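Only one structure is covered here, and it is reproduced in the block below.
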Amino acid sequence: MIKDNLHNIKKTIPEQVTLVAVSKTKPVSDIQEAYNAGQRVFGENKIQEMVGKYEELPKDIEWHMIGHLQRNKVKYMAHFVNLIHGVDSLKTLIEIDKQAKKHSRVINCLLQAKIAKEESKFGLSFNEIEAILNSEEIKTLKNIKVVGLMGMSTFTDNVKQITDEFESLHEFHNKIKNAHTNLNILSMGMSGDYELAIAKGSNMVRIGSSIFGVRNYNA
Ligand SMILES: *Cc1c(COP(=O)(O)O)cnc(C)c1O
């Protein structure tokens, strides 16, 4: 049961770590069940799916976009999204800023770092992240706020590799936090590796299948 799963996971997460319940592909009824059990932060990876759920569900839910962003769809979520995890270019920040401005909002964003060795994973190198944060353009974007970093480990059973990847992002996060205030969030860890991620400094975990069960993409 979703309620029991949530309860069991919460017991393993320190209080200062934010739990994002990843509800992608799951029906509104599942989210409502988690909501009734006290969960308020949910993550989705497709903008249209998130918009549909936002419209049906209670308005005190905090919606996080965790997927790869299509710039032309940012406008559909600009009026309500709370945190965008997967920003991987200055161009995308500029688009988010433009759309947020139309709603007189400031949208919080995380820059996605590429820490996995897989070609398929999106994200920026540490150098690229520093270049964006130090750019002149970013100072002109008044309707976005970069509040931290996000990373995904390689899909592997190799615990040492996952640990090293989390560790490298943690170290980089610590390094740039001094120069850039506001970068407090470090979003890393999913169902299979969140305890490792927390041990390596994560303060935001994105957990789907351990709460809602395995996803069926053919349903
Ligand atoms: C699907 C997804 C998750 C959650 O994955 P689980 O293994 O089901 O916990 C976390 N982060 C991102 C970016 C995802 O796309």
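Restrict the check to the stretch 49-61 and report whether at least one residue is within 15 Å of the ligand (Cβ to nearest atom), more than 14 Å from Ala21 (Cα to Cα), modelled with pLDDT of 95 or more and under 17 Å from the mean Cα position of the chain (by Cα).
yes
Can you go through Ala116, Ala179, Ala100, Ala131 and tell me which one is more than 23 Å from Asn72 (Cα to Cα) and modelled with pLDDT of 95 or more? Working first, answer last.
On the way: Ala116 fails: modelled with pLDDT of 95 or more; Ala179 fails: modelled with pLDDT of 95 or more; Ala100 fails: more than 23 Å from Asn72 (Cα to Cα).
The match here is Ala131.
Taking the conditions exactly as written (more than 28 Å from Asp30 (Cβ to Cβ), touching a His at 6+ places or on another chain (Cβ under 6 Å) and either charged (D, E, K, R) or surrounded by fewer than 16 Cβ atoms within 10 Å (Cβ to Cβ) (or both)), does Lys117 satisfy them or not?
no
When you look at Leu186, is it farther than 16 Å from Leu124 by Cβ and either hydrophobic (A, V, I, L, M, F, W, C) or within 10 Å of the ligand (Cβ to nearest atom) (or both), yes or no?
Judged against the criteria, Leu186 is not a match.
Could you pull out the residue among Thr181, Thr163 that is in contact (Cβ under 8 Å) with a residue 12 or more places away in the chain and away from the ligand (no atom under 16 Å from the Cβ)?
Values: Thr181 fails: in contact (Cβ under 8 Å) with a residue 12 or more places away in the chain.
From the options Thr181, Thr163, the qualifying one is Thr163.
Could you tell me whether Ala116 is in contact with a Phe, Trp or Tyr (Cβ under 9 Å, 6 or more places away or on another chain) and closer than 27 Å to Val17 by Cα?
Spelling it out, Ala116 is indeed in contact with a Phe, Trp or Tyr (Cβ under 9 Å, 6 or more places away or on another chain) and closer than 27 Å to Val17 by Cα.
Scan the stretch 54-91 for residues that are in contact with a Phe, Trp or Tyr (Cβ under 8 Å, 6 or more places away or on another chain) and of a type outside the set (A, V, I, L, M) and jot them down.
Tyr54, Pro58, Glu62, Trp63, His64, His68, Phe80, Asn82, Gly86, Asp88
Counting residues that are hydrophobic (A, V, I, L, M, F, W, C), which strands (runs of 3 or more DSSP E) fully inside the stretch 1-117 reach at least 3?
Fully inside the stretch 1-117 and qualifying: 18-22, 83-87, 107-113.
List pairs: first residue in the stretch 190-215 and farther than 22 Å from Gly38 by Cβ and in contact (Cβ under 8 Å) with a residue 12 or more places away in the chain, second residue more than 10 Å from the ligand (Cβ to nearest atom) and acidic (Asp, Glu) anywhere in the structure, Cβ distance under 7 angstrom, at least six positions apart or on different chains.
That search, which allows pairs on different chains as well, returns Lys200/Glu167.
How many of the residues in the stretch 198-219 are more than 9 Å from the ligand (Cβ to nearest atom), outside any strand (DSSP E or B) and under 14 Å from the mean Cα position of the chain (by Cα)?
The number of residues fulfilling the criteria is 2.
On the basis of being within 14 Å of the ligand (Cβ to nearest atom), over 26 Å from Thr92 (Cα atoms) and either hydroxyl-bearing (Ser, Thr, Tyr) or in contact with a strand residue (DSSP E or B) (Cβ under 8 Å, 6 or more places away or on another chain) (or both), does Ala113 make the cut?
no
Among the residues of the stretch 119-132 satisfying the criterion of being in a loop (DSSP other than H, G, I, E, B) and without any contact (Cβ under 8 Å) to a residue 24 or more places away in the chain, which is nearest to Val22 (Cα to Cα)?
Filtering the stretch 119-132 for residues that are in a loop (DSSP other than H, G, I, E, B) and without any contact (Cβ under 8 Å) to a residue 24 or more places away in the chain, the one nearest to Val22 (Cα to Cα) comes out as Ser120.
Would you be able to say whether some residue in the stretch 20-40 is hydroxyl-bearing (Ser, Thr, Tyr) and buried (at least 21 other Cβ atoms within 10 Å of the Cβ)?
Residues of the stretch 20-40 that are hydroxyl-bearing (Ser, Thr, Tyr), as a first pass: 23, 25, 29, 35.
Remaining after also requiring buried (at least 21 other Cβ atoms within 10 Å of the Cβ): 23.
Within the stretch 20-40, one or more residues are hydroxyl-bearing (Ser, Thr, Tyr) and buried (at least 21 other Cβ atoms within 10 Å of the Cβ).
Run Phe166 past the list (1) more than 25 Å from Val106 (Cα to Cα); (2) assigned to a loop (DSSP other than H, G, I, E, B); (3) touching a helix residue (DSSP H, G or I) at 6+ places or on another chain (Cβ under 6 Å) and report the number of the one that doesn't hold.
(2)
The values are calculated or read from the model by the stated rules, or taken from the named source; none is laboratory data. It should be emphasised that the depicted structure is a prediction, and the values quoted were computed from it without experimental measurement. As a convention, Cβ positions derive from the backbone with ideal geometry for all residues, glycine included, and neighbour counts pool all protein chains shown.
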